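The values are calculated or read from the model by the stated rules, or taken from the named source; none is laboratory data. Keep in mind it's a predicted model, so treat the numbers as computed, not measured. Neighbour counts are summed over all protein chains in view; Cβ atoms, including those assigned to glycine, are modelled from backbone coordinates with ideal geometry. All accessible areas refer to the heavy atoms of the entire protein, side chains included, with ligands and DNA or RNA removed. Shrake-Rupley method; radii C 1.70, N 1.55, O 1.52, S 1.80 Å.
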Amino acid sequence: MRRIDCEEDLVLMYRNSLAYAVIAAWSGQGLFHKLADGKARTVEDLQGDNRALAITAPVLAHLGLLSSDGSRYALSPTGKTLLEAGALSLDSAERTHGDLSRFDRVLAEGGPARAADGSSRVSEGGVREHDPEGARAFMKYLYRRSERSVVEVARWLMPRLPEQPHILDLGGGHGRYGHELTRHGAEVTLYDRDLIVDIARERYSDSLQYISGDFMTDPLGGPYQAALLSNIVHGLGPDENRTLFARLADSLAPGGLVVLKDMFLNEDRCQPEEAALFGLTMLMYTREGQSYTPKEMEDLAGPSGFENIGVVSVRNLRFSLVFLQKTG
Ligand SMILES: C[S@@+](CC[C@H](N)C(=O)[O-])C[C@H]1O[C@@H](n2cnc3c(N)ncnc32)[C@H](O)[C@@H]1O
């Protein structure tokens, strides 16, 4: 993100947030889908308040999501591609900006954020068991976003493991990481909540093995040569992570590896941008989650007999891998 050097920079940032609010509102009202057939329409043909549509449609055309001849609007080629990929199926403006507009209360009283009706917006790794449709949409989003990361994870992890290792994909979600590891000869057990295991099984059937349960309390199976925790540790507090490392130590074979894939902070805690900002998401949607540094992970895992044997930063994809080896 741009640094703020003057008031104009703040104004630019405000404009960006207005633009995102328009996209989220159109998405929440199903307006992009109304244009999915490729036909150009006037605002009167769309559903909503005509004045609001007439003011917001040009913003979307300006952003390149719609094309316009001045009176009729259609999806642009980019808009069409993003809609078809599911990338324009965003949380509604209320769910995104509503939570942010109540952020002053989070700052004063602590998270997680509350919805307009006062209910908690807490989730467990982005999943709310009472919202299966939301969980499915979130898994689709993570699946879509992980296309290149899964390749990098396999590339850095597999050479560190024996032939045909048994790997635990803890909180494996959609299953794309686990599946990529099987393509490199691993046997993979995906561990997640019931609801999510069903989603992964629909996609990968018996190319993965599955265990459903609560990874903080239920048996993890094993012994495994490695456990992959992709986007897991940031959702947990320090004590929860300490407990989880102790549980993983018990389910790993001697010399086994835990690999943490996450957006880790530098030692100054201000960089990189994605890790610093992601802390905010954790503040709003988890009880104790936060962004961590690799050193903090090492300190939390150390008492369970793990040693930090390396950190790999995959800068172009904005994540790092921390490798912890069970030595004790
Ligand atoms: C942010 S998603 C990560 C999914 C996948 N590993 C990825 O990186 O795309 C976190 C996953 O952890 C699972 N999870 C969180 N807490 C859990 C718990 N206590 N027991 C089992 N699964 C849990 C969630 O259901 C979700 O699928």
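Residues in the stretch 145-168 that are in contact with a His (Cβ under 9 Å, 6 or more places away or on another chain) and within 13 Å of the ligand (Cβ to nearest atom) were compared, and the one that is nearest to residue 208 (Cα to Cα) is 150.
Scanning the stretch 200-216 for residues that are open to solvent by 20 Å² or more (accessible area, probe 1.4 Å) and either touching a strand residue (DSSP E or B) at 6+ places or on another chain (Cβ under 9 Å) or within 8 Å of the ligand (Cβ to nearest atom) (or both) returns 201, 204, 207, 209, 210, 211, 212, 214, 215, 216.
Is there a residue being closer than 26 Å to residue 145 by Cβ and not assigned by TED's automatic domain parsing to the domain that holds residue 280 anywhere in the stretch 69-76? Looking through the stretch 69-76, at least one residue is closer than 26 Å to residue 145 by Cβ and not assigned by TED's automatic domain parsing to the domain that holds residue 280. For the stretch 180-198, check the following and say yes or no: at least one residue is at pLDDT below 95, surrounded by fewer than 22 Cβ atoms within 10 Å (Cβ to Cβ), assigned by TED's automatic domain parsing to the domain that holds residue 160 and away from the ligand (no atom under 11 Å from the Cβ). No, the conditions are met nowhere in the stretch 180-198. Does residue 229 fit the bill of being in contact with a Pro (Cβ under 7 Å, 6 or more places away or on another chain) and farther than 30 Å from residue 3 by Cβ? For residue 229, the condition - in contact with a Pro (Cβ under 7 Å, 6 or more places away or on another chain) and farther than 30 Å from residue 3 by Cβ - is not met.
Only residues that are touching a strand residue (DSSP E or B) at 6+ places or on another chain (Cβ under 6 Å) and among the polar types (S, T, N, Q) were counted across the stretch 121-158, and they come to 0. Checked against (1) open to solvent by 60 Å² or more (accessible area, probe 1.4 Å); (2) in a helix (DSSP H, G or I), residue 130 meets all criteria but (2). The condition of being assigned by TED's automatic domain parsing to the domain that holds residue 171 and within 12 Å of the ligand (Cβ to nearest atom) does not hold for residue 312.
Tell me which residues, restricted to the stretch 203-235, are of a type in the set (S, T, N, Q) and without any contact (Cβ under 8 Å) to a residue 12 or more places away in the chain.
So in the stretch 203-235, the residues of a type in the set (S, T, N, Q) come out as 205, 207, 209, 212, 217, 225, 230-231.
Within the stretch 203-235, 205, 217 meet the criteria.
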